[in-house]
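J.: Supplied in structure tokens, the structure appears directly below.
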Amino acid sequence: MSWLSRFVNVLRRKNLERDLEDELQFHLDARIDELTSRGMPAEQAAEYARRRFGDTLRLRESSRDIKLIPRLDSILLDVVFGLRAWRRNKVVTAAAVVSLSLAIGACAAAFSLIDALILRSLPVDDPSTLVHLGVRAPGDARDGMSFNYPLFEQLRDASRAQVRLFGLSDQSRRDASFDDAAQPEKVYGQWISGDAFAILGVRPALGRLIMPSDDVTPGRHPVAVLSHDFWTRRFDRSPSVLGRWVTIREKSLQIIGVAEARFTGVEPGIMTDLWAPNMMWDARVIADASTRWFRIWGRMQPDVDTEQARSVLQTVFTGFQRAQARSRPPDEPPDSLARYLNTSIHVRPSASGYSWVRQEFARALWILAGVALLVLLVACANVASLLVARASSREREIALRISIGAGRGRLIQQMLIESALLSAAAGVIGAVVAVVIAPGIVSMLSTSRSVVRLDLHWDWRIALFLGTAGLLVTFLFGLAPALRASAVTPYDALKSGNLKEAPRVGLFRPLVAAQTAFAFVVLFVAGMCLASFQKLVRIDLGFDPENIAIVRVQAGEPGSDAAAPLALWEQLQRHLERTPGIESVSVSRWGLFEGPGRNKSVRVPGRAVDSYMPWYLDVSPGFLRTMRIRLVEGRDLEWRDGVPETPSAVLVNEGFARRYFPGESAVGKRFFRIDGDVLVPQDIVGIAGDAKYTDLREAAPPTVYELLRPFPMAVLQVRTPLDGAVAALLREELPRVHPALRSVEMTLQSTLVGNHLVRDRALALLSGFFSIVVMVLVAVGLYGVLTFGVLRRMREIGIRMALGARPLRVVALVLSEIGWVTAIGLAIGAAGGIATARLVTGLLHEVTPSDPWSLATPLICLVTACLLAALLPALRATRVDPVTALRCD
Amino acid sequence: MARQESFQGSLPLLVLKILLKRGPLHGYGITLRIEEISDDVLRVEEGSLYPALHRMEEAGWIKAKWLTTGNKRRARAYEITAEGRRRLEAEEKRWMAVHAAVMRALKHA
């Protein structure tokens with residue numbers, strides 16, 4: 001009978017007892033029946049039957065034991081024995097548990113992140129029927145997700161029978177002023193259609209949610225709904241939050257409800273704090289067919305497939321694009337127009353949501369998970385060799401057990417139970433490790449402008465993952481030593497009073513090779529990530545981001561559209577330039593690398609207008625000086641260039657000059673900015689050096705620096721050795737220039753640039769950490785194997801030394817045991833690394849796997865680690881005293 | 001994962017043989033058959049048959065199922081398995097060999 005039925009017996013002990021009882025009773029009854037039928041009185045028959053049967057209780061006990069005890073008993077014994085064995089080998093145990101739990105923890109953390117960001121379905125009703133819309137022009141690599149509101153309305157109304165569409169704004173952190181606080185705070189707000197909550201199937205935790213009647217007339221529905229998370233963090237779940245007012249994007253909204261706890265938004269990675277109706281977005285944008293701002297989501301109607309919905313939507317979309325094409329520039333080249341008209345619309349399933357956080361980090365997370373898995377494999381190989389070594393030193397114990405009748409299965413069971421104990425301990429500690437490091441990794445993904453938060457709840461999926469990992473690991477590292485131990489024959493092991501002579505390192509070889517190969521891949525990937533990060537950090541931006549504070553300044557009351565006259569900004573700049581502690585100051589529409597950018601079509605006399613749009617930035621005179629962008633030719637902008645009568649003077653960068661005025665000096669040339677139907681003349685007064693604008697990896701784009709126009713809000717670049725401490729200084733100085741000037745927000749230029757390195761930094765840091773772990777593992781593993789090898793060959797070494805072998809020769813002998821195995825492992829690892837590099841390089845900056853350094857670095861690291869690990873055992877071998885070695889047998 | 005355990009005595013051998021020849025039987029039926037064929041020579045405590053049966057069941061030589069008898073009593077009937085047949089064959093051979101050896105020894109001693 002299988003152990004399964006025994007196990008079932010354990011679980012159904014009651015049934016077992018009853019069955020035994022019934023079976024024995026049947027025997028007695030049958031005997032009594034027979035006796036009475038032969039004429040014996042009932043009482044006497046019962047007495048006789050019982051005597052003939054024997055002691056029922058004792059028999060029942062022994063039968064029950066047969067069915068129940070042996071396996072359980074042996075398991076319990078093995079557990080006790082295993083625990084004792086592990087306690088005896090504290091160092092081995094600690095090394096094994098630590099390496100395994102680190103690796104399991106890393107894997108579990110990576111899995112929980114992947115689960116939260118990529119795999120898990122949105123916590124809404126029936127997520128499998130959720131979709132989102134994307135558009136793709138011919139040749140585009142990925143979907144565009146932004147739609148204008150009039151198009152959304154047309155799509156929604158035309159496809160009601162196929163899909164229930166709703167619109168959502170993008171999410172970014174915005175200032176929100178609650179009526180109970182003086183200072184604005186940052187919240188993630190999202191503007192949504194009135195029926196979005198109903199379609200998603202989200203229920204309120206308090207009050208009510210936004211309804212279709214809240215989304216009818218632009219500007220007329222001042223309501224907002226909070227997320228459960230924000231309600232908890234900010235209002236401590238107070239019911240009195242209902243009816244409070246919050247001002248966001250210059251509109252006052254009244255809080256009418258709180259969404260249920262499980263719903264944290266439709267974009268994994270960002271937890272939405274507040275929702276408001278679309279109609280509370282700018283009325284102008286809602287009516288404007290050229291501002292693409294909204295995403296479109298929907299839920300498929302029952303029994304409609306996405307293709308049916310797509311064809312309906314495509315018809316509407318194509319019609320809309322045709323109508324729009326009339327307002328495109330008249331001299332637009334036909335291929336650009338055709339691209340526009342041939343844009344297709346797609347219905348994409350989005351059961352697990354859609355988010356830029358996932359777009360940005362999914363691949364990196366998979367890479368990390370892969371690396372963590374490799375670390376786990378290295379740890380398994382490592383523990384397996386520790387166990388093999390231990391099993392070999394237990395050969396006599398095992399031989400003894402075999403000779404007194406232990407079966408092979410029984411021995412394997414015992415070995416596997418010992419491994420299971422180890423992996424269970426490692427699994428528990430690993431879970432703790434994962435719980436600690438997963439949120440740490442998430443926080444690494446946040447920047448000063450976006451806060452990445454994931455709902456990392458630890459549910460059955462993680463438990464399942466840990467359980468499966470534990471089981472796999474047990475078999476991975478437990479089976480080899482178990483099989484090896486059970487193959488021992490008592491005769492072999494007992495005949496000589498000592499370990500056998502034949503070198504038994506054979507079993508280690510595949511383990512050592514596997515370990516080295518996996519480790520090489522980890523180091524290889526980590527090396528590329530680090531190299532890429534280093535290159536990105538050292539990239540030439542074209543400006544100097546150090547010691548520049550970026551200060552957003554508001555001129556006037558919040559909400560007022562009154563632009564500060566240019567003279568006010570000039571006055572501010574001049575005042576601050578004279579302030580001690582400040583080297584130089586400039587004003588611009590927004591900061592470099594802050595996120596926003598503006599592109600405009602241009603017409604250059606003598607050239608056809610093409611679809612490329614150079615970048616624009618409004619700056620004050622002195623911008624180049626403050627940012628330390630070179631002035632290559634001509635002059636800087638001057639305040640008097642802003643006098644309306646003169647044509648607008650601009651600076652262009654070298655990239656612009658190269659593109660539009662190749663082979664000639666661009667200074668003094670005139671071109672036109674296309675503003676709809678108007679051509680705005682622009683006169684180039686100077687050429688600036690190339691500086692990057694919003695993208696770190698791309699080459700600096702052709703850029704035009706225009707003179708600052710009067711805006712109600714602008715950004716100051718303050719070059720100062722004070723860095724962040726300049727904030728206090730500015731708080732004092734701003735009102736001295738004008739009482740209405742307030743600094744709203746401050747950051748550092750270097751932080752803004754650093755925000756673009758988040759993924760690379762996270763990859764570099766984590767893979768760097770993993771490679772250190774892996775090197776330690778490899779070194780410890782090799783050390784163990786070699787020490788064991790030296791012990792095994794003690795006698796041989798003794799003989800050789802007695803015969804006059806030099807210490808160097810002995811060292812070579814020890815090293816040769818693993819030298820070529822390690823070499824094979826390295827070769828396999830290099831091949832594996834190059835094969836997998838393809839998956840990684842897409843994320844990296846100017847790093848190629850075929851670069852000799854990419855291969856040499858992990859090679860040098862690993863060989864060094866191996867040599868260090870081999871040093872002690874090799875030295876030990878040279879100190880073998882021939883006399884002692886020979887006498888011990 | 002049944003372990004190879006050899007039972008002391010000839011009881012298992014006898015039980016297997018009976019089950020092979022007579023088909024499924026409950027414990028009481030087996031007892032009756034043993035009484036019948038061995039002329040009470042091998043008579044033991046009847047109850048000790050059951051631990052032996054259960055051990056053989058665990059070893060996979062026989063399998064059991066519950067039947068309801070004519071007078072509505074639950075009876076557990078045992079049947080020989082393929083493994084039991086092989087075992088029986090081996091045990092019979094061994095038994096014969098031992099028997100022959102003992103006989104030879106007795107003759108020539």
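Throughout, read-outs are computed from the coordinates displayed, never taken from laboratory work. For clarity, every value in this text was computed on a predicted model and none was experimentally measured. Ideal geometry is used to build each Cβ from the backbone, glycine not excepted, and the neighbour counts take in all protein chains shown.
J.: If you take the C-alpha gyration tensor of chain B, multiply each eigenvalue by 5 and take the square root, what semi-axes do you get, largest first, in whole Å?
T.: Result for chain B: semi-axes of 28, 17, 11 Å.
J.: Another question, then. Considering all alpha-carbon pairs of segment A:234-380, what whole percent are spaced by more than 26 angstrom?
T.: Tail of P(r) above 26 Å: 56 percent of Cα pairs.
J.: With r as the distance between the Cβ atoms of A:ASP683 and A:GLU577 and R0 = 35 Å, compute the FRET efficiency 1/(1 + (r/R0)^6) and round to 0.05.
T.: In this case the efficiency is close to 0.85.
J.: Tell me the angle of helix A:42-53 to the major Cα principal axis of chain A, expressed in degrees between 0 and 90 and rounded to the nearest ten.
T.: Computed tilt is about 80 degrees.
J.: Same structure, new question: Calculate, for A:ARG88 and A:ASP881, the FRET efficiency according to 1/(1 + (r/R0)^6) with r their C-beta to C-beta distance and R0 41 Å; round to the nearest 0.05.
T.: Rounded to the nearest 0.05, the efficiency is 0.90.
J.: If we sort A:808-814, A:858-864, A:261-267 on the protection proxy, mean other Cβ atoms within 10 Å, highest first, what's the order? Please list the in-between numbers first.
T.: Values: A:808-814: 16.4, A:858-864: 18.3, A:261-267: 20.4.
Descending packing order for the listed peptides: A:261-267, A:858-864, A:808-814.
J.: In nm, to one decimal, how far is the modelled label at A:ALA42 from the one at A:GLU546, with both set 7 Å along Cα→Cβ?
T.: Going from the A:ALA42 label point to the A:GLU546 one covers 10.8 nm.
J.: Any idea what the relative contact order of segment A:240-335 is, in percent, if you count C-alpha pairs under 8 Å spaced at least 6 apart?
T.: The value is 10 percent.
J.: Name the long-range amide H neighbours of A:VAL744: under 5 Å, sequence gap of 5 or more, or other chain; modelled H, no Pro or chain starts.
T.: Answer set, sorted by chain and number: A:ARG552, A:VAL553, A:GLN554.
J.: Just how far, in whole angstrom, is segment A:150-166 from segment A:289-304 if you go by their alpha carbon centroids?
T.: Their Cα centres are 7 Å away from one another.
J.: To the nearest 20 debye, what charge dipole does chain A have about its Cα centre, counting +1 at the Cβ of each Lys and Arg and -1 at the Cβ of each Asp and Glu? List each step's numbers first, then the result.
T.: Details: 103 positive and 88 negative charges, 664 e Å.
It comes to approximately 3180 debye.
J.: Segment A:758-775 to segment A:399-465: how many Å between their Cα centroids?
T.: With segment A:758-775 and segment A:399-465 each reduced to a Cα centre, they are spaced 21 Å.
J.: Post the alpha-carbon centroid distance, segment A:198-260 to segment A:347-394, in whole angstrom.
T.: First find each Cα centre; the distance between them is then 41 Å.
J.: A further question on this structure: Simple spin-label model, 7 Å along Cα-to-Cβ: A:THR291 to A:SER238 in nm?
T.: With each label point 7 Å from Cα toward Cβ, the separation is 3.5 nm.
J.: May I pose another question? Taking only the C-alpha atoms, wrap a convex hull around segment A:754-811 and report its volume per residue in Å³ as a whole number. If you can, show how the numbers build up before the last one.
T.: Details: hull volume 4.1 nm³, N = 58.
Taking only Cα atoms, segment A:754-811 has a hull volume of 71 Å³ per residue.
J.: How crowded by other chains is A:51-59, given as the mean number of beta carbons from other chains within 10 Å of each beta carbon?
T.: Mean shielding by partner chains, rounded to a whole number: 4.
J.: What is the average number of partner chain Cβ atoms found within 10 Å of a Cβ in B:47-60?
T.: Across the residues of B:47-60, the mean count of other-chain Cβ atoms within 10 Å is 6.
J.: Using Cα positions and a limit of under 16 Å, work out the aspartates and glutamates in reach of B:LYS93, with same-chain residues fewer than 8 apart set aside.
T.: Within the straight-line cut-off, B:LYS93 pairs with B:GLU83.
J.: Moving on. What is the angle, in °, between the Cα long axis of helix A:306-325 and the longest principal axis of the Cα atoms in chain A? Nearest 10 is fine, range 0 to 90.
T.: So the helix axis and the longest Cα principal axis differ by about 20 degrees.
J.: Express the relative contact order of chain A as a whole percentage, based on alpha carbon pairs under 8 Å and six or more residues apart in sequence.
T.: 14 percent
J.: Can you list residues whose amide H is under 5 Å from B:HIS26's amide H, if they're 5+ apart or on another chain and H is modeled 1.01 Å from N?
T.: HN-HN under 5 Å from B:HIS26: B:TYR78.
J.: Please quote Rg/Rh for segment A:770-866 to two decimal places, taking the Kirkwood radius as Rh and restricting both calculations to Cα atoms.
T.: For segment A:770-866, the value is 1.14.
J.: Continuing with the same structure: Would you kindly state how much longer the chain becomes between A:ARG697 and A:ARG670 on full extension, computed as 0.36 nm times their sequence separation minus their alpha carbon distance, in nm to one decimal? Please report the intermediate quantities before stating the final value.
T.: Values: separation 27, 0.36 × 27 = 9.72 nm, distance 3.06 nm.
Stretched out fully, the A:ARG697 to A:ARG670 stretch lengthens by 6.7 nm.
J.: Let me ask something else about it. Within chain A, what's the longest run with no GluC sites (Glu not before Pro) in a DSSP loop and at most 14 other beta-carbon atoms within 10 Å? Give the range, please.
T.: With a cap of 14 other Cβ atoms within 10 Å, the longest stretch comes to A:251-500.
J.: Among the helices of chain B (complete DSSP H runs), which have Cα atoms covering no less than 20 Å along the helix axis and a Kyte-Doolittle mean of at least -1.0?
T.: Values: long enough: B:82-108 (39 Å, -0.79).
Long hydrophobic helices here: B:82-108.
J.: At 7 Å along Cα-to-Cβ for each site, give me the label-to-label distance between A:ASP723 and A:ALA141 in nm.
T.: For A:ASP723 paired with A:ALA141, the spin-label model returns 3.5 nm.
J.: Moving on. Quick one: grab Rg to one decimal and Dmax as a whole number for the protein assembly as shown, Cα atoms only, in Å.
T.: 41.1, 140
J.: Treating the angle as unsigned and between 0 and 90°, give the value, to the nearest 10°, between the Cα long axis of helix A:90-114 and the longest Cα principal axis of chain A.
T.: With both axes taken from Cα atoms, the answer is about 40 degrees.
J.: Okay, next question. Using amide H atoms built in the peptide plane, which far-off residues or other-chain residues are under 5 Å from B:ILE62 H to H?
T.: Residues meeting the amide H criterion: B:GLU57, B:THR81.
J.: Extension gain A:TRP356-A:LEU77, at 0.36 nm per residue separation less the Cα-Cα distance, in nm?
T.: Using 0.36 nm per residue and subtracting the Cα-Cα distance, I get 95.0 nm.
J.: On a full-extension model of 0.36 nm per residue, what is the gain between A:ASP335 and A:ARG174, subtracting their alpha-carbon distance, rounded to one decimal in nm? Kindly include the intermediate steps, with their values, before the conclusion.
T.: Details: separation 161, 0.36 × 161 = 57.96 nm, distance 3.91 nm.
Working it through step by step, the gained length comes to 54.0 nm.
J.: Summing Lys, Arg as +1 and Asp, Glu as -1, what charge do residues with Cβ under 15 Å from the Cβ of A:ILE296 carry, A:ILE296 excluded?
T.: Details: positive: A:ARG136, A:ARG156, A:ARG160, A:ARG164, A:ARG292, A:ARG295, A:ARG299, A:ARG310, A:ARG348; negative: A:ASP143, A:GLU153, A:ASP157, A:ASP170, A:ASP195, A:ASP215, A:GLU267.
Local charge sum for A:ILE296: +2.
J.: Mind checking which of A:ILE629, A:ALA49, A:THR264 is farthest towards the positive end of the protein assembly as shown's charge dipole, using Cβ charges of +1 (Lys, Arg) and -1 (Asp, Glu) about the Cα centre?
T.: A:ALA49
J.: Within 10 Å of each Cβ in peptide B:25-38, how many partner chain Cβ atoms are there on average? Round it to a whole number, please.
T.: Values: counts 0, 4, 5, 9, 2, 1, 5, 3, 0, 0, 0, 0, 0, 0.
For this peptide, the per-residue mean of nearby foreign Cβ atoms is 2.
J.: At a Förster radius of 35 Å, what calculated FRET efficiency corresponds to the Cβ-Cβ distance of A:SER850 and A:ARG658, to the nearest 0.05?
T.: That gives a FRET efficiency of 0.65.
J.: What does the convex hull of the alpha-carbon atoms of segment A:626-776 project to on average, in nm²?
T.: Over all viewing directions, segment A:626-776 projects a mean Cα-hull area of 14.4 nm².
J.: 222 nm [θ] for chain A, helices only, -39500 (n - 2.57) per DSSP H run of 4+, per residue, to 500?
T.: Counting only the DSSP helices, I get -17500 deg cm²/dmol.
J.: Okay, moving on. Convex hull over the alpha-carbon atoms of segment A:17-145: what's its volume per residue in Å³?
T.: Once divided by residue count, the hull of segment A:17-145 is 291 Å³.
J.: Here's something else I'd like to know. Quick one: compute the contact order of chain B, relative version, from alpha carbon pairs under 8 angstrom and 6+ residues apart, as a percent.
T.: Relative contact order comes out at 30 percent.
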